Amino acid sequence: MPDSPTGPGKKNLEQVGRVRTNHIGPVSLDSPQHQYLSFRLSKEWYALSVDKLVEILPLPRITRVPSVPDHVLGVMNLRGEVVSAIDLKRFFGLPRAAPHSDPTIVVVEQGEVRTGLLVDTIGDLMGVNPEELNEEPPLVGGARRSFFQGACRWGEVLVSIINLETLLQSEALFSLETE
Amino acid sequence: MVEERDIFLTLKDDYREALEHLNDALLRLENNPQDHDSLKDAGRQLHNVKGFANRMRAPKLGQLAHLLEEVLASIKQDRIPLDDAVANLLFQAIDIFVHYLRTREVPTETVAPLVEEVEAKLFSVMEEEAAEQDLEALLPDFVAAARDNVEAINQGLYALEKEPSNDDTLREVYRNAHSLKGSALTMGFERMGRLAHRMEDLFRAFQTGHVRVTPDACDALFEANDAISVMLDTTAAGKRMRVNVEISMARMDDFLVETTSDDSSDLEPEAPPPEPEASTPPVTQPIDTVRVSTSKLDELVNLAGEAVIAQIRLANELGVLANICDSWQRLRLRAIDSFHPAAAESQGDMTLLHRLMELGDHMEQTSLRLQESAEYAGRCTESLQHKSMEIRMLPLALVFDTLPRAVRDLSRQFNKQLDFQVEGAQTTIDKRILEQLGDPLIHLLRNALDHGIESPEVRRQSGKPETATIRLRASQEGDKVILTLEDDGKGIDPRQLKEVAISKGFIKESEVTGWSEVQLLDLIFIPGLSTSALVTDISGRGMGTDVVRANVERLKGQVQVSSDLNKGTRFVISLPLTLATVHALMVCCAGEILAIPTLSVLEIVQAPTDEIKFSQGQRVIMLRGEVVPVRNLARTLGWQERNGEMLVRGRAMFVVLHSGERKAAFLVEELLGEQEIVTKDLGSHLQKVKFVAGATILGSGTVALILDVPQLFLQEQSDVSHEWSHWPTEDRSIQSSQVILVVDDQAMTRQMEQSILEAAGYQVITAENGADALDKLEQLSCDLVVTDLHMPKMDGFTLTKEIRDKERIRDLPIVIVAPTERQEDKRRGLEVGADAYLVKSSFDQREMIETIQTLLEQETHQGQ
């Protein structure tokens, strides 16, 4: 596994799936590492736990929904299920422009609910020890500290680890009023 | 009310199942008395049997089952050993139950002694240990049993009011009060016991004829029963609440003063000794019902919907394949023409050509076979969807049957005399809708009784019968269920309603000028208006009519009110048959496809933009003399419209929508056709999105939103002015003089096709069926016919044939627009002489226009 997520190397789903299965299977005690999928939003690097990962899709057709916040792109068809799609870049208030963007939807699952997150580029799978999350996330744009578990160095770059639970349960994510 | 016999037939399968389970469980228990699961199972089944017996008004059987339940409970608590004697009692009982199932007759002569025997068994045990009972542990059992008693008494009282001298009912309520008293006292609930005892006395007095069964007496009993119910609730919740029983006691005492108290608890005269009966094991009948959780059913319905969508996608792809085959056919002919064997340069060329021909033929045959299989699969998936939805349909009786009791209480509460009539309770509707119908109905009934219906004196003075009538009717009309709730009360005065609405600041005088009475009456649904006290008094409609509308609209239905002053009020609630699918008009708006439930669509209008006028600060259009506000759908939803092409031509396409009495013409970009869509929700994050009622997945795989039409009307009128950019005027030069006759029995389809064709510049006349079309063709000259296939009086095939047989019009181009792609229809249509065959469901207006243009051009060429 490359030790830096800076390369545009997009990992395919099989790899993610394999890592996930490996992870879910018996983990040896001497390796408390946790697997994270890294991705880029604008120029920043983020990652989320593979536990919550369902699948990675090339940008599908998204149907706009009226009277929702701008960062809610709309809804899409995930094998017969209607799933909402979020533009994380807009939600965090990051610049729209992104170098070498390869728009991709990362489908995550929190509780029974699935959500699609639009990201610019998929990066590496990172194996990180929980103690290594000792950096502070830079909180670019309007992101709140509670949306992150922490951050860590991965090679050259700083990667902020998203706390999906607080992010997806955030009132601001889907409603106009509390924004 | 559903007939007793119908109930028997409906419930009997469940009952038989319960008996079979019971039998099995007892057999298992006999082998292994420690088998607690079987014991629990047996108890549950007995409970079901008891419920059934009570429902069927077979009190003896109910009592037997109840006692046996207690026996099982005692076994569970190790108070009674499950020995041969006890097992025999249980199996004897099962035989009696089975006998009832077969014959619907209660073998009184065997039941009575058995009941006694079981009672004796229980009694002996109870006596032994009465002192040392752990009451706390018995509490849940007691509450459950007592609730059954209370419910049975409720039912019985209601039946008594209708039929005061029904001995069976009297016996049943007596027995329930008796066992309620017994168990309450055993549990140490002294006040509850006393209350039940007094009820028992009163019932006894009914039986002996000492006290007459009057509504007032029943009222006292209902009250006492309700008090017990409240006590049970608090007891079950582990609380102690002082419920005052003295008033209830006193009310019952009023009726009892005349009679001597009779404390005997004998149930009825002794029955003759039992005759031995041939017992048959109850397990021989086949199981013909299965209980399934509703969530499983929902899954099934969803999956069937998915299958339909997949099928549509498949059909689309097959259409493409068919086109490829057509193209190949044409190429083939040209190839044969140009490759004369003599001209072929080599033998190799010829072989290659032959091989290609063979391959092509192969492809064509495969395509045809595929089409046939796909059609068959299509019919299967369609009926799969249909059947799976039918499973969820339940009779309205399940809600309607609960209303008479509520109405009775209300009419006594408000001192009104009332005849409540229910019709059409057998009409079925989606379970999900049924579940939520009770509240709005009770709301409306309460309002009618409280405010709509006058007191008996007032009614007498105004020459009406003292007893008012409220009639609730249900019927199915097409894919809707219509509920009508009608009273003959004082009605609502629209003018007064208007005045109050204005004076309370709900509307401005200017907004309602020129409104019809019907429109004014609709004000009753304005949120907040109907709750104001003043309106309540004058309108004859009280609290929360807006809540009723909100409830109904959540079920994708509509509610409307009409009223004749001093004659009565009528509410009409129309509901979809099911929430799983909805019939929708598909439109294009700001580049998105939207589904509009046809229940909300009044008509489709296509008009030149210069007919849109500006009046009182808003755009309006005249429709048959009525001024209808015009709204821009895209802008209303906060989107940028893309009406470029249409507006440049100076014509606009409108869908006229309504919510109650309010209507507006919404500008859309394109009509895509009507179809049955499977509804889904937007996912739990987006539960309550403004303007959106749900979503569906189209054949193409994309998600389309279902519009929440009532929400569109809630949007503030003030921002309407932002909805418009510029309106170019119509470019009349593209108007064609060509006339097209549209034949379809569905008004909506006619309008839609008319709009599309007029937008393309044709003149359109319409006909409702083949016969009508032939009449029109006699009188008017026309250039092309667009016809549906299946219509009353004369279908599309016959129409086509008739046209081809008439000298004057035999060359008229005919386009068939069929509801579904069916090879058989298509072949037949083309055989009888149609020029083109299009499919409604995959209907693309461009395809239709192109086809028509091509046909008309050919016609002109031939004509020259």
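Okay, here's what the table says:
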item	result
Subset of the stretch B:187-224 that is part of a helix (DSSP H, G or I) and small (Gly, Ala, Ser) - its residue that is surrounded by the fewest Cβ atoms within 10 Å (Cβ to Cβ)	B:Gly193
Those residues of the stretch B:698-715 which are in contact (Cβ under 8 Å) with a residue 12 or more places away in the chain and within 30 Å of B:Asp522 (Cα to Cα), in sequence order	B:Leu705, B:Ile706, B:Leu707, B:Asp708, B:Val709, B:Pro710, B:Gln711, B:Leu712, B:Phe713, B:Gln715
The stretch B:613-635, residues that are under 18 Å from B:Gln751 (Cβ atoms) and in contact (Cβ under 8 Å) with a residue 24 or more places away in the chain	B:Ile621, B:Leu623, B:Val628, B:Val630, B:Leu633
Residues (in a loop (DSSP other than H, G, I, E, B) and acidic (Asp, Glu)) located in the stretch A:113-162	A:Asp120, A:Glu136, A:Glu156
The stretch B:47-59 residues that are in the same structural domain as B:Arg104 (by TED's automatic domain parsing), paired with ones that are at pLDDT below 75 and of a type in the set (Phe, Trp, Tyr) (beta carbon under 7 Å, 6 or more apart)	B:Met56/B:Phe8
Residue satisfying condition, being in the same structural domain as B:Leu565 (by TED's automatic domain parsing) and under 18 Å from B:Thr545 (Cα atoms), within set B:Gly424, B:Gly463, B:Gly478, B:Gly438	B:Gly438
Unique residue being touching a residue at least 40 places away in the same chain (Cβ under 8 Å), in contact with a Lys or Arg (Cβ under 7 Å, 6 or more places away or on another chain) and closer than 28 Å to B:Tyr174 by Cβ when the list is B:Leu11, B:Leu64, B:Leu22, B:Leu68	B:Leu11
Residue selected from the stretch A:71-103 under the condition within 14 Å of chain B (Cβ to nearest Cβ) and not in a strand (DSSP E or B), by the criterion nearest to B:Ile593 (Cα to Cα)	A:Gly80
Selection count where residues are surrounded by fewer than 18 Cβ atoms within 10 Å (Cβ to Cβ) and over 19 Å from B:Phe420 (Cβ atoms), scope the stretch B:153-176	4
Residues being of a type outside the set (A, V, I, L, M) and within 14 Å of chain A (Cβ to nearest Cβ) - total across the stretch B:577-595	4
Hey, B:Met794 aliphatic (A, V, I, L, M), surrounded by 13 or more Cβ atoms within 10 Å (Cβ to Cβ) and under 30 Å from B:Ala595 (Cβ atoms) or not	no
Elements of type strands (runs of 3 or more DSSP E) contained in the stretch B:389-475, each with 3 or more residues being hydrophobic (A, V, I, L, M, F, W, C)	B:418-423
Count of residues meeting criterion [over 37 Å from the mean Cα position of the chain (by Cα), assigned to a loop (DSSP other than H, G, I, E, B) and touching a residue at least 40 places away in the same chain (Cβ under 8 Å)] in the stretch B:763-806	4
Any hit, the stretch B:21-37, residues being among the polar types (S, T, N, Q) and not in a helix (DSSP H, G or I)	yes
Test set (1) buried (at least 21 other Cβ atoms within 10 Å of the Cβ); (2) part of a helix (DSSP H, G or I) - A:Val108 fails condition number	(2)
Residues (in contact (Cβ under 8 Å) with a residue 60 or more places away in the chain, hydrophobic (A, V, I, L, M, F, W, C) and surrounded by fewer than 21 Cβ atoms within 10 Å (Cβ to Cβ)) located in the stretch B:453-494	B:Ile482
Check on B:Val49, within 34 Å of the chain's Cα centre (by Cα), buried (at least 16 other Cβ atoms within 10 Å of the Cβ) and β-branched (Val, Ile, Thr)	yes
Entirely in the stretch B:652-708, the strands (runs of 3 or more DSSP E) that have 2 or more residues that are at the interface with chain A (Cβ under 8 Å from one of its Cβ atoms)	B:692-697, B:703-707
Failed item, numbered, when B:Ser755 is tested on (1) closer than 26 Å to B:Arg828 by Cβ; (2) under 33 Å from the mean Cα position of the chain (by Cα)	(1)
Residue ID - surrounded by the most Cβ atoms within 10 Å (Cβ to Cβ), chosen from residues in the stretch B:807-822 that are under 16 Å from B:Asp744 (Cα atoms) and free of Cβ contacts under 8 Å to residues at least 60 places away in the same chain	B:Ile816
Those residues of the stretch A:42-53 which are modelled with pLDDT under 90 and either in a strand (DSSP E or B) or within 14 Å of chain B (Cβ to nearest Cβ) (or both), in sequence order	A:Glu44
Hits in the stretch A:112-132 - residues which are buried (at least 20 other Cβ atoms within 10 Å of the Cβ) and away from chain B (no Cβ under 14 Å)	A:Leu118, A:Val119, A:Asp120, A:Thr121, A:Ile122, A:Gly123, A:Asp124, A:Leu125, A:Met126, A:Val128
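Each row is one residue, and each column tells you yes or no for (1) buried (at least 20 other Cβ atoms within 10 Å of the Cβ); (2) closer than 16 Å to B:Arg44 by Cβ.
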site	(1), (2)
B:Ala65	yes, yes
B:Glu70	yes, yes
B:Asp78	no, no
B:Leu82	yes, no
B:Phe97	yes, yes
B:Leu101	no, no
B:Glu105	no, no
B:Glu109	no, no
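The values are calculated or read from the model by the stated rules, or taken from the named source; none is laboratory data. Please read these numbers as outputs of a predicted model, since none were measured by experiment. Cβ atoms come from the backbone with ideal geometry, glycine included; neighbour counts cover every protein chain shown.
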